[in-house]
1. Residues of segment 154-167 being assigned to a helix (DSSP H, G or I) and surrounded by 11 or more Cβ atoms within 10 Å (Cβ to Cβ), which ones?
2. Mind checking which residues of segment 32-62 are modelled with pLDDT of 95 or more, over 15 Å from the mean Cα position of the chain (by Cα) and β-branched (Val, Ile, Thr)?
3. Assess whether residue 70 counts as being of a type outside the set (Phe, Trp, Tyr), more than 22 Å from residue 147 (Cα to Cα) and within 16 Å of the chain's Cα centre (by Cα).
4. Answer with yes or no whether residue 124 is under 15 Å from residue 40 (Cα atoms), aliphatic (A, V, I, L, M) and modelled with pLDDT of 95 or more.
5. Pick from segment 50-63 the residues that are out of contact with any helix residue (DSSP H, G or I) (no Cβ under 8 Å at 6 or more places or on another chain) and in a strand (DSSP E or B): which of them is surrounded by the fewest Cβ atoms within 10 Å (Cβ to Cβ)?
6. Of all residues in segment 62-113, which are farther than 19 Å from residue 129 by Cα and of a type in the set (Asp, Glu)?
7. How many residues does segment 74-100 contain that are touching a residue at least 60 places away in the same chain (Cβ under 8 Å) and buried (at least 17 other Cβ atoms within 10 Å of the Cβ)?
8. Quickly run through segment 123-142 and pick out the residues that are surrounded by fewer than 18 Cβ atoms within 10 Å (Cβ to Cβ), of a type outside the set (Val, Ile, Thr) and either under 14 Å from the mean Cα position of the chain (by Cα) or in a strand (DSSP E or B) (or both).
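The values are calculated or read from the model by the stated rules, or taken from the named source; none is laboratory data. Everything numeric in this text was worked out from a predicted model, so none of it was measured. No Cβ is skipped: glycine too gets one built from the backbone with ideal geometry, and neighbour counts run over all protein chains shown.
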Amino acid sequence: MSTVEEQVVVLAADGTERGTMGKLAAHQGAGTLHRAFSVFLFHPDGRMLVHRRASTKHHFRDLWTNACCSHPRPGESILEAAARRVGQELGISAAPEEFREVGAFVYRATDPGSGLVEHEWDHVVVGIVEVDPDPDPAEVGDWRGVPVGELHDEVRDHPDRFTPWFPLAWTVLEDAADPVDS
């Protein structure tokens with residue numbers, strides 16, 4: 001039985017969609033610019049959910065990052081993709097309307113361990129959850145809810161413990177006016 005490789009949406013430098021390509025191929029060589037998203041989940045008491053990527057991930061394994069990161073499928077909206085992946089990765093059922101996009105940024109980062117390259121137009125998405133995750137161990141090695149101020153200090157003092165996109169996405173989040181209020 002053969003499996004079809006997941007496709008990502010390839011972009012021009014201005015964000016215009018140029019087509020699709022295989023997910024792994026988009027992360028090889030110099031990396032091909034493609035659409036992605038980073039979800040930030042907050043508990044009503046103000047804690048932010050972060051997770052450590054599983055040691056079996058293709059790249060940037062065992063690093064801490066925001067609640068969920070992935071790619072929308074061709075024809076899928078960012079918020080639909082966010083709801084899908086929060087369910088798959090974290091075991092949290094949510095609808096697209098429970099999320100809100102607060103901005104985007106473009107970045108490129110090479111994982112020294114795997115040689116794979118992230119070159120992404122990353123949409124920053126926020127949501128509020130009142131339940132703890134039940135994560136897929138193939139995606140998540142560990143998780144925790146951390147007060148935002150404490151997490152800010154940890155990222156400043158130990159940036160090597162976090163994925164390269166996390167501080168960039170967090171900057172977009174901090175620049176958004178009332179990011180968790182809809």
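1. Restricting attention to segment 154-167, the residues satisfying the condition of being assigned to a helix (DSSP H, G or I) are 154-157, 159-161, 165-167.
Residues satisfying the conditions are 154, 155, 159, 161, 165, 166, 167.
2. Hit for segment 32-62 is 32, nothing else.
3. yes
4. Values: under 15 Å from residue 40 (Cα atoms): yes; aliphatic (A, V, I, L, M): yes; modelled with pLDDT of 95 or more: yes.
So residue 124 fits the description; yes.
5. From segment 50-63, those out of contact with any helix residue (DSSP H, G or I) (no Cβ under 8 Å at 6 or more places or on another chain) are 52-57, 59-62; that's our starting set.
Narrowing the set further to residues that are in a strand (DSSP E or B) leaves 52-53.
Details: 52: 18, 53: 20.
Checking each candidate, the answer is 52.
6. 62, 76, 111
7. Residues flagged as touching a residue at least 60 places away in the same chain (Cβ under 8 Å) and buried (at least 17 other Cβ atoms within 10 Å of the Cβ) within segment 74-100 amount to 2.
8. Selection gives 142 alone.
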